[in-house]
Every structure is written in C-alpha cells, then in structure tokens.
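Following: one structure in structure tokens, then a few remarks.
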Amino acid sequence: MDGRSSGPSHFRGAAAFAATRHAVSFGERPSGSEAIGHLRDWIISELKPLGGQLSTDSFTAQTPAGPLPMVNIVLKFPGDSGKAIAVTGHYDTKRIAMVHFVGANDAGSSTGFLIEFARTISTLKHPDDIYVVFFDGEEAVRAEWSDADSRYGSRHLAAKWGADGTLSRLKALINVDMIGDKDLDIANDENSSQSLRSMVRHIADQLGYTKFLRQDSGGAIDDDHKPFVDAGVNAIDIIDLDYGPNGSYWHTASDTMDKLSVHSFQVVGDVVLQLVKELEGRTSARNSAPTAIGSIVHRTRRASSNSHAIL
Ligand SMILES: [Zn+2]
C-alpha cells in the first residue's frame, strides 16, 4: 500500500531519465556479466527504501552459450482487492560482438522508467497488488533473435506465476521497452490485447499525447509481454521500435543517452500511471477508442531451475 518514500505522487520524467543515465554508467551489461550484477545491486538499493515486498527470482537459463545465471527483480506493493497489475521491462543489454553497446534506450530506458514508476506507486493508495518487475535475459544471446533464445526472464516468471496462481489474479501486464527515444512513436502491437490498446489510445488522446502513438499497422511484436499473452494474460507492450534513421540506433553503438529525452519518459509515465489507475477503477472507465495496429521485431523460449529470495 503506501510506501514510506516521500516525493510527488506523479511520475517524474526527469527522475526516470536520471536513473537511466545511472544504469547506462554501468556499461555493457548482458545477462551473466559482472556489470549486470553491479547494476542489479544498485537497482535493489534504489527499490529497498520504497517499501513493498522486494524479492529476486533467480534461475539458470540454458542458452546457446551454455547455462547462464539470470535474476528477475520483483517488487510487490500489496493491495487488498485480491487482484493484481504488473508493470514490467527488462534490464539486460544485448551482448554484441565487437561493439561497445551501452543500451541507453535498450534497456536503460526501461530500467530507469521502472525505478521511477516504483517510486510513484509507493506514494499512492491502490486496491490491487502492483508488481514492478525487472526482467533479466530479454535479449537473445546469439546475434539473431529466436523463440528459444530470448525472453528468458519473462518466460521463467510467466511459468512460475502460472504455477503459483499469480497469473489468474492479473488484471493486466504492461511491459515497457525502448521508451526513451526523443522521437517517440509507440508501436501499435498486434500481440497486445485490444482492450489495453484502446485504453492507451484513449488516455493518450485525453493527455494530448496522440501524436506519440503510431496509427499504422506494425505487425505482431514478440517481447517480454508475449509469454504472458500466450498464458492468457491481458497484456500490452509499450515499445518504440523506430529508433534512429532506418532504425540505425537499435542494437548499435549509437544507442546512447543523447538520443533520449526527459519528455518521452514523461509521456510514457503519465500514460502508464493513468492506465493503472483506470484498470483499478480509481477513475472513470474509458470506452473503447478507435484502434489501429503497430510496428515490429522481437521473439523466443527456454529457462530452468530457480530460487526465490526475499530481500
Ligand atoms: Zn534489444
């Protein structure tokens, strides 16, 4: 419920941007690396003061490069309705041979976003359990994405939450990925639920953010929401895959902080916070708005043993 943290009860784009900058300062941080361990320690140090129930979900992923240790970070702010909403993203960066890839947008932006989102939730009353989840292992270990090699953390947590009953309590899962681009244009993902896409579009319209949502069809995006979609969860991916001229900043050394803007974080933060409020019934429900379809990329599968630590 209410955290002990102070600060405003709205999402601060500048704080999310600053947290992203700090995450990026750890350098290349692929799953299993020393750097991602340091980043994880820092994320946990940021989350601990917020209250809530902080835990890690550790497992060994079977990857094309052999077994890799991976750790999802799960922060739960308990409510009393029996229902739950999850806001998720990934914090690992892609390992790219011969490239110094610091991933400001991918996945610095989701990392910084989630830290600020958690802080915001810690200041609000909310009837539902709110989960804030940092996935490890979204990126494929090999250069090419495949169903078997990608989304290790989200596949692992979807299976775990399926087994322990959490999935059946989820009203929605909202995944964010690559949301810091100065030139923000959120894809209209066909793998995302129609109702959540409609809600996001309506909220964006109301907040004056219509221009940040693409209207065109972008196809079905495979990202960390997909394992939950496949398990029947009402889920949406909020992602901007159009990053740089002809996508030239994506998975390249050009994915740096100067390509991001505070305002883009603010837009996505405002929309996601309002979406959570509406899903909880804390504001008037929206009617379905016109829908369109969106952009593309990602895909995956495969994980293994696990341990769960309460922090
Ligand atoms: Zn990526």
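The values are calculated or read from the model by the stated rules, or taken from the named source; none is laboratory data. Just so we're clear, the structure is a prediction, and the values are computed from it rather than from any experiment. With ideal geometry, Cβ positions are generated from the backbone for all residues, glycine too; neighbour counts draw on all protein chains shown.
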(request) Under 8 Å between Cβ atoms, at least 6 apart or on separate chains: pull out the pairs that start in segment 134-149 with a residue that is under 12 Å from A61 (Cβ atoms) and end on any residue that is surrounded by fewer than 17 Cβ atoms within 10 Å (Cβ to Cβ) and of a type in the set (G, A, S). (result) A140/S146; V141/A65
(request) Check A140, A104 and return the single one that is within 16 Å of the ligand (Cβ to nearest atom), out of contact with any helix residue (DSSP H, G or I) (no Cβ under 7 Å at 6 or more places or on another chain) and either modelled with pLDDT of 95 or more or closer than 16 Å to L47 by Cβ (or both). (result) A140
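Quick grid of which residues meet (1) modelled with pLDDT of 95 or more; (2) within 16 Å of the ligand (Cβ to nearest atom); (3) surrounded by 22 or more Cβ atoms within 10 Å (Cβ to Cβ); (4) of a type outside the set (A, V, I, L, M, F, W, C):
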site	(1), (2), (3), (4)
V133	yes, no, yes, no
D149	yes, yes, yes, yes
K182	yes, no, no, yes
R201	yes, no, yes, yes
T210	yes, no, no, yes
S217	no, no, no, yes
(request) For segment 199-254, enumerate the residues that are outside any loop (DSSP other than H, G, I, E, B) and at positive phi. (result) N246, G247
(request) Go through (1) crowded, with 19+ Cβ neighbours inside 10 Å; (2) part of a helix (DSSP H, G or I) and name the single condition I73 misses. (result) (2)
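Which of the residues that make up segment 99-135 are of a type in the set (S, T, Y) and either more than 14 Å from the chain's Cα centre (by Cα) or part of a helix (DSSP H, G or I) (or both)? Before you say what the answer is, go through the steps one by one.
To start, the set of residues in segment 99-135 that are of a type in the set (S, T, Y) comprises 109-111, 120, 122-123, 131.
Result: S109, S110, T111, T120, S122, T123.
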